[in-house]
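A.B. asks: Quick one: the structure is below, questions incoming.
The values are calculated or read from the model by the stated rules, or taken from the named source; none is laboratory data. Just so we're clear, the structure is a prediction, and the values are computed from it rather than from any experiment. Glycine gets a Cβ as well: all are built from the backbone with ideal geometry, and neighbour counts include every protein chain shown. What goes into the accessible areas is simple: the full protein's heavy atoms, side chains included, and nothing from ligands, DNA or RNA. Shrake-Rupley method; radii C 1.70, N 1.55, O 1.52, S 1.80 Å.
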Amino acid sequence: MAVLDIKKYPDEVLKKKAAPVKDVNASVLRLVDDMVETMYAAPGVGLAAPQVGVSKRIIVIDVSSKEEKHPLVVLINPEIVAAEGSVDSEEGCLSIPEYTAVIKRAERVVARGLDPEGNPVEIEGTELLARALQHEIDHLDGVLFVDRLSPIKREFFKKRYLKTVMRDV
Ligand code: NI
């Protein structure tokens, strides 16, 4: 396993629609392992393959905290099949360091995809897991959480981000 380099906004790979995985083969499983290691090393609650420069539909999520353990979620070709409710909460992204914003998301979602064995699985999420599923699946469509800000807030983000974070690049 290896910790991979995380692509940062405004890297082009983050804007691309990722391609479905056709075959859950050894190279896909190696990528999944590396994504899991990269997520834990960051540390972050989720990671999508485009964030490590691979434009494929794979996400990993672990919403565990010190107080509460949760299972690792690996979903290949995930899609949201049901969503309900609406909740505002603060959100960040490993690809957009030093910036968070309040984003409206569905309160509860059901996602379907393949597990690392290639079997269909369905995952229901509420709270942070619901948010992470929506955030990571957005990445597969080239959508970042800042794309969900109002136009005024997005402009403000861009100016601030380019002035501060990008200044060191
Ligand atoms: Ni993200």
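A.B. asks: Testing the spin-label approximation: label points 7 Å from Cα along Cα→Cβ at Val87 and Asp11. State their distance in nm.
C.D. replies: Inter-label distance under the simple model: 3.0 nm.
A.B. asks: A further question follows. For region 100-157, which GluC sites (Glu not before Pro) pass both filters: DSSP loop (anything but H, G, I, E, B) and at most 12 other C-beta atoms within 10 Å?
C.D. replies: Glu117
A.B. asks: Using alpha carbon coordinates only, what is the Rg to Rh ratio of region 12-168, with Rh defined as the Kirkwood radius?
C.D. replies: Here Rg/Rh amounts to 0.96.
A.B. asks: Related question: Taking the full set of protein chains and a 1.4 angstrom probe, give the accessible area of Val121 in square angstrom, rounded to the nearest 10.
C.D. replies: 40 Å²
A.B. asks: Give the separation of the Cα centroids, region 87-136 to region 56-86, in Å.
C.D. replies: For region 87-136 versus region 56-86, the Cα centre distance is 6 Å.
A.B. asks: Note down the nm distance, to one decimal, between modelled labels 7 Å out along Cα→Cβ at Glu155 and at Ala19.
C.D. replies: 3.8 nm
A.B. asks: I've got another one for you. Return the loop-located trypsin sites (Lys or Arg not before Pro) in region 11-102 (DSSP other than H, G, I, E, B) with at most 15 other Cβ atoms within 10 Å of their own Cβ; answer none if there are none.
C.D. replies: Here the trypsin sites (Lys or Arg not before Pro) that fit, given the DSSP loop and packing criteria, are Lys16, Lys17, Lys22, Lys66, Lys69.
A.B. asks: Let me ask something else. Given the rule -39500 (n - 2.57) for each run of at least 4 DSSP H residues, summed and divided by the residues of the chain, what is its mean residue ellipticity at 222 nm, to the nearest 500 deg cm²/dmol?
C.D. replies: Theoretical 222 nm ellipticity from helices: -8500 deg cm²/dmol.
A.B. asks: Would any residue of region 132-147 have its amide N under 17 Å from a label point 7 Å out along Cα→Cβ of Ser65? List them or say none.
C.D. replies: The answer is 132-133, whose backbone nitrogens lie closer than 17 Å to the label point.
A.B. asks: Could you give the size of the charge dipole of region 12-168 about its Cα centre, using +1 on the Cβ of each K and R and -1 on the Cβ of each D and E, expressed in debye and rounded to the nearest 20?
C.D. replies: 840 debye
A.B. asks: Just subtract the alpha-carbon distance of Val121 and Leu72 from 0.36 nm times their residue separation and send over the number in nm, one decimal.
C.D. replies: 16.3 nm
A.B. asks: Need the full-extension length gain, Lys163 to Ser27, defined as separation in residues times 0.36 nm minus the C-alpha distance. One decimal, nm.
C.D. replies: Residue separation times 0.36 nm, minus the Cα-Cα distance, leaves 45.1 nm.
A.B. asks: If you place +1 on the Cβ of every Lys and Arg and -1 on the Cβ of every Asp and Glu, how big does the dipole about the Cα centre of region 22-76 come out, in debye to the nearest 20?
C.D. replies: Dipole magnitude for region 22-76 comes out near 200 debye.
A.B. asks: Which of the lysines could a cross-linker bridge to Lys163, judged by Cα under 28 Å and excluding same-chain residues fewer than eight apart?
C.D. replies: Counting by Cα, and skipping residues close in sequence, Lys163 has these lysines nearby: Lys7, Lys8, Lys15, Lys16, Lys17, Lys104, Lys153.
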